[in-house]
């Protein structure tokens, strides 16, 4: 964990020093709070932004490329692999992915691989292939090569559920300096705090970055039920059992014919 | 209309779930069973995780068996003494089942355990029911009278010590098989998310010679208590009971059961047993198919913890 923290600090320091001050990003998110209610079926958030010269007199250097990386709350998940044992399919092997984002969207105006060279992308953790997904291997926690079967399957499964995605069309430039990014929030979106990292490139170099945040929260009844189940398990169970008895009794009263 | 389930953490169509409750309720009313062995697989099929399905179905079965038990109580067709005796070990069985459920979940083998128990239990019980009911149907067709229960017939079970007399059922048996049956039903119910009615009724008839008049009512009391306690235990240890899902299922289930009971009363006993046997067997085969055939995706994800 400590090694990971050091590495992270190193990457952050490197990036902070990177962009030369010539452009500035101004962004605004359509909504900073996504409320998951009983009728929630997913939502699309829109991030608008402009590229401003900084200082005001400096020239702009289009064409620009933009990458928006949205990361959800951290989760630990286990990827399991089935194998045939004595004729039936059994989970035989598993890998734990430690503190990885429950939601990860990499949105750009064109394929991230064409925006900058592989080293830059890796250093900035841009794209699903380059994002750090640490696995517990024995007593060690580290990311593996991108072709690792567990890593590939993990990303694929998360993508199938709409939780991980990489889209090269989600960011559109309305004018050479005004852009719009569509952030999809699927129905099964995990609740928690989300970070939005906006990175501007020109000629394959990072020139400006900014960030924003949003919260996905369960509200009203859903929140109440989920909290009760987690914090007061025993009482919650008794209440559910009591509800079962009440409904059973109601039915027998309503339908009693004798 | 979609509704978001707070514990299963996914939106489902409310009418689909209500319809499933009605359909399973109809079948359970028709055969006098809880229907958990149908409901749990159905919930897994619509995308609810096996663990949440098993835990939630227990509360649904508690509701439907309470309705059933009440109507048998009014007809004085249940044996409270026998039910209490079965319960004393049933609770222990349920607690053991919930404990094993938690352990297996931690080892990533819960889905396998659920699958294997479904296959073995359902195919064996289903095949036995089909065999027995087909024989009964053939016998009546050939004009031979069905073999009646001989009151004096004894098995080795009747030679065991700690004998007890159950007045309402008019039986005099050892406490050991009664406890064993209660334990098995409680255990299997907690692991598989089934009430065990389709297992308990034949066990009570064949092993303890409980008369048909009191057998279903007594079985329902046992199912009610083991499933209500399984709900509480699953909620307290695994936090997996989805009350919203349970509520929709219960409402559908108790309504469906009323109509099912009416259909069931119009059918001949052995026909009913044959149908139930076929159904049980088919569900077992479905699970066997899933275990044996290569899955579409060899990989699967499991949530460990947040952070």
The FRET efficiency for residue A:22 and residue A:180, from their Cβ-Cβ distance with R0 = 25 Å and rounded to 0.05, is 0.65
If each part is reduced to its alpha-carbon centroid, region B:73-150 and region A:139-186 end up apart, in Å, by 48 Å
Taking Cα atoms, the helix A:220-231 axis meets the longest principal axis of chain A at an angle in degrees (rounded to 10) of 80 degrees
Heads up, region A:219-258 by the C-alpha gyration tensor (a ≥ b ≥ c square roots of eigenvalues; a/c under 1.5 rounded, else a/b over b/c prolate, else oblate) looks oblate
Between residue A:173 and residue B:207, the two model label points (7 Å from Cα along the beta-carbon direction) sit apart by a distance in nm of 7.6 nm
Zone reached by a paramagnetic label modelled 7 Å from residue A:52 Cα along Cα→Cβ, restricted to region A:171-195 with backbone N below 13 Å, covers none
Using alpha carbon centers only, region A:16-76 is separated from region B:249-266 by a whole-angstrom value of 55 Å
Among region A:225-258, those whose backbone N falls under 14 Å of a label point 7 Å along Cα→Cβ from residue B:74 are A:248-258
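Give the order of A:147, A:129, B:108 when sorted by the count of other beta carbons within 10 angstrom, beginning with the fewest.
Numbers: A:147 8, A:129 20, B:108 17.
Ascending Cβ contact count within 10 Å gives the list A:147, B:108, A:129.
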Ranked by GNM mean-square fluctuation in chain B (Cα springs under 10 Å), the top entry among B:277, B:68, B:143 is B:143
With label points set 7 Å from each Cα along the Cα-to-Cβ direction at residue B:293 and residue A:74, the distance between them in nm comes to 4.2 nm
Rounded to the nearest 5, the percent of antiparallel DSSP beta bridges in the protein assembly as shown equals 90 percent
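Just order A:135-146, B:111-122, B:192-203 by mean Cβ neighbour count inside 10 Å, highest at the front, would you? Could the numbers behind the result be given before it?
Values: A:135-146: 12.7, B:111-122: 19.8, B:192-203: 25.8.
In descending order of packing, they fall as B:192-203, B:111-122, A:135-146.
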For the residue B:88, residue B:267 Cβ pair and Förster radius 45 Å, calculated FRET efficiency rounded to 0.05 is 0.80
From DSSP H assignment alone, runs of 4+ in chain A each adding -39500 (n - 2.57), the sum over residues rounded to the nearest 500 puts [θ] at 222 nm at -9000 deg cm²/dmol
Helix B:110-141 sits off the longest principal axis of the Cα atoms of chain B, rounded to the nearest 10 on a 0 to 90 degree scale, by 30 degrees
Highest mean packing first, using Cβ neighbours within 10 angstrom, the peptides A:37-47, A:198-208 sort as A:198-208, A:37-47
Extend 7 Å from the Cα of residue B:134 along its Cα-to-C-beta direction; within region B:264-303, residues with backbone N under 18 Å of that point are B:270-286
Pseudo-spin-label distance residue B:13 to residue B:285, built 7 Å along Cα→Cβ, given in nm, is 2.8 nm
Computed D for region B:2-292, Stokes-Einstein, Kirkwood radius over alpha-carbon pairs, 4 °C, 1.567 mPa s, to the nearest µm² per second, is 67 µm²/s
In a Gaussian network model of chain B with springs linking alpha carbons closer than 10 Å, the residue among B:190, B:175, B:55 that fluctuates most is B:175
Tilt, helix B:243-266 to longest principal axis of chain B (alpha-carbon atoms), in degrees rounded to tens, equals 30 degrees
Mean other chain Cβ within 10 Å across B:232-244 is 6
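What's the average, rounded to a whole number, of partner chain beta-carbon atoms within 10 Å of each residue's beta-carbon in A:215-225?
Working: counts 0, 0, 0, 3, 0, 0, 3, 7, 1, 1, 6.
Other-chain Cβ atoms within 10 Å of each residue's Cβ, averaged: 2.
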Rounded to the nearest Å, the spacing of the alpha-carbon centers of region B:195-230 and region A:94-124 is 57 Å
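Bear in mind these aren't lab numbers, they're just calculated from the coordinates by the rules spelled out. Just so you know, these numbers come straight off a predicted model, no measurement behind them. Note that we place each Cβ from the backbone using ideal geometry, even for glycine, and neighbour counts take in every protein chain shown.
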